[in-house]
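Here's the structure, in structure tokens; my notes come after.
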Amino acid sequence: MEEKYNFSEIEKKWQKYWEDNKSFKVTEDRSKKKFYDLEMFPYPSGKLHMGHVRNYSIGDVIARFKTMQGYNVLHVMGFDSFGLPAENAAIKHGIAPAKWTWDNIHEMEGELRRLGLSYDWDREVQTCSPDYYKWMQWIFIQFYNKGLAYKKENPVNWCPSCQTVLANEQVVDGCCERCDTPVTKKNLSQWYLRITEYADRLLDNLDDLPGWPNKVKVMQRNWIGRSVGAEIDFKIKDSDKALKVFTTRADTLFGATFMVMSPEHPYLMELVKGSEYEKPVNEYVEEVKHLNDIERTSTTREKTGVFIGRYAVNPVNGKEIPIYISDYVLMTYGTGAIMAVPAHDQRDFDFAKKFGLDIVPVVSSADPEIDVNNLTEAFAAEGTMINSGQFDGMNNRDAIEKMIDWLDHEGIGKKTVNYKLRDWLISRQRYWGTPIPMIYCDDCGWVPEKEENLPVLLPEDVEFTGKGESPITTSKSFVECTCPRCGKKARREVDTMDTFLDSSWYYLRYTDPHNDKKAWDKDKADYWMNVDQYIGGVEHAILHLMYARFFMMALHDLGLVSEEEPFRNLLTQGMVNKADENGVFKKMSKSVGNVVSPEEILQKYGADTARLFILFAAPPDRELDWSDEGVDGSYRFLNRVWRLVYDFVSTHDGGEIPAEVKSDLDKNLNYVLNTTIKKVTDDISKRYNFNTAISSIMELVNELYKDKDQKDLNQGLYQKAVKTVVILLSPFTPHICEEMWQDLDGNGTLVHHEWPSYDEDALVKDEVEVVVQLNGKVKAKVNVASGLSKDELAEQMQQDERVQKLLEGKTVVKTIAVPDRLVNFVVR
RNA sequence: GCCGGUGUGGCGGAAUUGGCAGACGCACAGGACUUAAAAUCCUGAGGUCUUUAUCGACCGUACCGGUUCGACCCCGGUCACCGGCACCA
């Protein structure tokens, strides 16, 4: 063993060893308990960033730990390698997207290897590889055949900069999530996946995921946005049509004094045709079309709208109420029309004030400060029903159910459920993605490509102009084809799939990555699924994590997998921050200029130090503040461990020394040793608090330094403790530990070494320090034998000299004793 | 506006079931080693007051209040910051 810790040589050596020996290769070994440990795979942007390092270091600790505990651990890596940046590189630099992507993948594979991550590289997948997207297309066709995929013309979100449509989930604050350009609306015929059919299951199954952070579950619940209410028909005067509305406040029906339709409502033109209102209505509709989402949904904007010249009849009281159109009513939610109850809804209130419409209260408040007949804002809280005929006097919450029952009975309404969740728009007008395997035939309509013809390969004879239509349209050989059903000339779909589809099932392909007959073998998938631990950034809380859940359910319903949830436990890691020039911690980003490149840290300190620091600086789910001094500290610690081991091996000539626990020093070290094993084991497996696991290893190391030259200490025990340090530390810093292990033990490597167990008896000290409190305040500490009962403890304490002194002149009213911890005397 | 989260030394953080607040590390200070420096090893440290020092006293987990023998932890209220959603009927 070298005296000096030479990380660079050591890390190269062990990375090569693991690779040559395929140390992390796994198969479906049914004699062992399996553990599927998965980190979200990266987009091959070119270089790893610290967020990746953090993500994969966390995953690697878990994988290595579980392996040492004897689990059959599936730990894999791949690349989510379709997407726009590759295409932008093509436009900007004239590099083919495929080349750009594969170059990046190879670069990043190298970086991942240099981190010493324990992946079974034989299972690597890349979503841009035809071997992968063939099965993506196959899955799409299964969805299509089941009615889960359909094409429909709709106003869609359009990013003028990316020149493509976006899913609702990809619109953030009215802007494109990728480039921040304000999103506009466009009417386009697009492919959708019927995720709304799974809304209830996506929602209900969340209750069966105790291993998910509550925060993520809440976000998904809100996104699905289930609300229970009623659909009510309002007859339109002088028409055979009825206007259907959705409301969660059926109790306020008597207070509906007008109605509002969305400007996009399909009945609208019919209702105004030929009347004097046709022109102003059309003008308003045009005006609204030109607003983008940010403008339209701004809550601070004053309400706008126009009367359409028609009236509806309130079914409960026969009152004729005017119909307006306004852009605050959205065609994409509910029925696209509402009954307006200005007294009890703020938006309706604002609208009524602006247009001078009636405000009729139907719920009164118990609060004397609120006069519902004289409202300055809508009253939305609980109260008692008024002005509502037979419902008067009821609590309004109870009245909701009663009103719905009544409507149902009268045949004018019924209970319904509405969701905010929309079907998933998956068409993208871009090149670098999975081609949608559909063909349009003038006679047969849309027909899926035959399975034997898959994959539909991306064409290479395309031009990247960055303007106008998708580059694929420039490939004649791609577009022109024959109809798989009738054989006539037909046209191939030129849109590609949203890349979120690729990442919705990759965890399944990992279980059987080289299968060229099937997307995966069901037995293999069933052996490994579901993912026992999934780790990634919280930014995927809605998009990826909900799409993947939807896929798993749909695949389950197709009989392709047995489970219906993909990820049993989820760990969302926090961001990596660093101080900017003003000392304020911000997420590492190029624009702030506070990035630290992993490559630079690997060069200077090595992978083990990088991993150790990142795991030690904060618990995984919290933000991590980068500190150069902290990295130094982690490096110092590894050197400290190295010296400890070096000193030991250079003064002992190999061979196992029998461990004995005799002296007080032995007892103490044995106690620290066993409590450390217990703490590290619990911290990794139960709490994922790697920072505290590491700090307790540090404490053990400090203890060993203290004990180093003690003559009374049993050398066998000391050896055992030194070895244990190396074993416990190995999931965090594998290279240095393997190297030290060679000289310390020499039998095999640590990858499959058994995880140490602790001796319960050693966790109990002979003597414990017990705190003496007076009225809850600490006054003294006394050593007593451990394991005393409450009474014995109290008894013994009362006889202690110092305690007696404390109690002098006071009356003990009550004594509370907690064995091995404290005694509290309540005194007067 | 609604929903969720967080608030502890100079800093990152610890306290796992209501039982010694500040583990571990960073930064800092002192000492040992050295011609010297670096590295290393050892020691110290929440604040205020008192004392030559010891001993000690008081305050202290955002703020106000409550429950309890005892509260960073439980309950009620307030403030600040962070995240998500947002004209969703």
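Restricting things to alpha carbons, find the Rg to Rh ratio for segment A:1-46 using the Kirkwood radius for Rh.
Working: Rg = 16.4 Å, Rh = 14.4 Å.
Radius of gyration over Kirkwood radius for segment A:1-46 works out to 1.14.
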statement: When the charge dipole of segment A:645-686 is computed with +1 at the Cβ of Lys and Arg and -1 at the Cβ of Asp and Glu, the Cα pointing farthest to the positive end, of A:Y646, A:V680, A:A659, is that of A:V680
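Regarding segment A:212-285, what's the average projected area of the Cα-atom convex hull, expressed in nm²?
On the way: hull surface 30.6 nm².
Approximately 7.7 nm², given one-decimal rounding.
Find the all-direction average of the projected area of the Cα convex hull for segment A:364-480, expressing the result in square nanometres with one decimal place. Kindly include the intermediate steps, with their values, before the conclusion.
Details: hull surface 65.1 nm².
Dividing the Cα hull surface by four gives the mean projection, 16.3 nm².
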query: Which log10 I(q)/I(0) values, to two decimals, does segment A:248-375 give at q = 0.20 Å⁻¹ under the Debye formula with one point per Cα?
result: -1.20
field: For segment A:494-551 versus segment A:204-218, the gap between their alpha-carbon centres in whole angstrom
entry: 19
field: Computed over chain A, Cα set: Rg, Dmax in Å
entry: 34.1, 108
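With a ≥ b ≥ c taken as the square roots of the eigenvalues of the C-alpha gyration tensor of segment A:715-823, please select rounded if a/c is under 1.5 and otherwise prolate if a/b is larger than b/c or oblate if it is not? Don't skip to the answer; put the middle values down first.
Numbers: a/c = 4.06, a/b = 3.70, b/c = 1.10.
Prolate, since a/c reaches 1.5 and a/b exceeds b/c.
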- request: Counting only C-alpha contacts under 8 Å and six or more residues apart, can you give the relative contact order of chain A as a whole percent?
  value: 14
- request: Based solely on C-alpha atoms, express the radius of gyration and the Dmax of segment A:122-265 in angstrom.
  value: 20.7, 72
- request: Rounded to the nearest Å, what's the spacing between the alpha carbon centres of segment A:427-455 and segment A:248-284? Just the number, please.
  value: 40
- request: Any chance you could list P(r) for segment A:1-103, counting all Cα-Cα pairs in 5 angstrom bins from zero, rounded to whole %?
  value: 2, 10, 14, 15, 17, 15, 11, 9, 5, 2, 1
field: 5 Å-binned pair-distance histogram of segment A:304-425 (Cα, whole percent)
entry: 2, 9, 16, 20, 22, 18, 10, 3, 1, 0, 0
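What do the square roots of 5 times the Cα gyration tensor eigenvalues come to for segment A:789-828, in whole Å, largest first, as semi-axes of the equivalent ellipsoid?
Working: eigenvalues 56, 27, 10 Å².
Calculated on Cα positions only, the semi-axes equal 17, 12, 7 Å.
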field: Antiparallel bridge percentage (DSSP; both residues within chain A; nearest 5)
entry: 75
message: Checking a compactness column here: for segment A:543-691, what do you get for Rg(Cα) / (2.2 N^0.38 Å), N being the number of residues?
response: 1.53
- line: For A:L243, the residues 5 or more places away or on another chain with a placed amide H closer than 5 Å to its own amide H are A:F234, A:K235, A:I236
statement: Once phi for every residue in segment A:442-453 is put through the Karplus expression 6.51 cos²θ - 1.76 cosθ + 1.60 (θ = phi - 60°), the whole-Hz ³J(HN,Hα) values, with Gly and Pro written as x, are 4, 8, 9, x, 7, 10, x, 4, 5, 4, 5, 8
message: Please list 3J(HN,Hα) in residue order for segment A:781-789, calculated via the Karplus relation 6.51 cos²θ - 1.76 cosθ + 1.60 where θ = phi - 60°; whole Hz, with x for glycine and proline.
response: 10, 10, 8, 9, 5, 7, x, 6, 6
statement: Counting sequence-distant residues (5 or more places) and residues on other chains, those with an amide H built under 5 Å from that of A:F35 are A:N72, A:V73, A:L74
statement: Quarter of the surface of the C-alpha convex hull for segment A:109-206, i.e. direction-averaged projected area in nm², equals 10.1
statement: The base-10 log of I(q)/I(0) that the Debye equation returns for segment A:618-715 at q = 0.20, 0.23 Å⁻¹, one scatterer per C-alpha, is -1.13, -1.29
- prompt: Check A:F41: other-chain or 5+ apart residues with amide H under 5 Å from its amide H, H built from backbone geometry?
  reply: none
message: Report the Cα centroid-to-centroid distance between segment A:576-613 and segment A:728-763 in angstrom, as an integer.
response: 30
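Kirkwood hydrodynamic radius for segment A:183-315: how many Å is it when counted over pairs of different Cα atoms?
Numbers: mean 1/r = 0.0537 Å⁻¹.
Hydrodynamic radius (Kirkwood, Cα only) of segment A:183-315 equals 18.6 Å.
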³J(HN,Hα) computed for each position of segment A:268-280 - Karplus, 6.51 cos²θ - 1.76 cosθ + 1.60, integer Hz, glycine/proline x: 3, 4, 4, 6, 10, 3, x, 8, 5, 8, 4, 5, x
message: Restricting to DSSP H runs of at least four residues, report the calculated mean residue ellipticity at 222 nm for chain A, -39500 (n - 2.57) per run over all residues, nearest 500 deg cm²/dmol.
response: -11000 deg cm²/dmol
- prompt: So for chain A, taking the charge dipole from beta-carbon charges (+1 Lys/Arg, -1 Asp/Glu), which of A:G383, A:F351, A:M108 sits furthest toward the positive end?
  reply: A:F351
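Taking 1 over the mean of 1/r across every pair of different Cα atoms in segment A:18-71, what Kirkwood radius in Å do you get?
Result for segment A:18-71, one decimal place: 13.0 Å.
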message: Tell me the relative contact order for segment A:504-567 as a rounded percent, counting alpha carbon contacts under 8 Å between residues six or more apart.
response: 36
- prompt: Dividing the alpha-carbon radius of gyration of segment A:647-769 by 2.2 N^0.38 Å (N being the number of residues), what value is obtained?
  reply: 1.04
- request: Using +1 at the Cβ of each Lys and Arg and -1 at the Cβ of each Asp and Glu in chain A, identify which of A:N747, A:C444, A:S589 lies farthest towards the dipole's positive end.
  value: A:C444
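Only the coordinates and a few stated rules stand behind these numbers; no lab work does. Being a predicted model, the structure only gives us computed values, none of them experimental. Cβ coordinates were reconstructed from backbone atoms using ideal geometry, including for glycine residues, and neighbour counts include every protein chain displayed.
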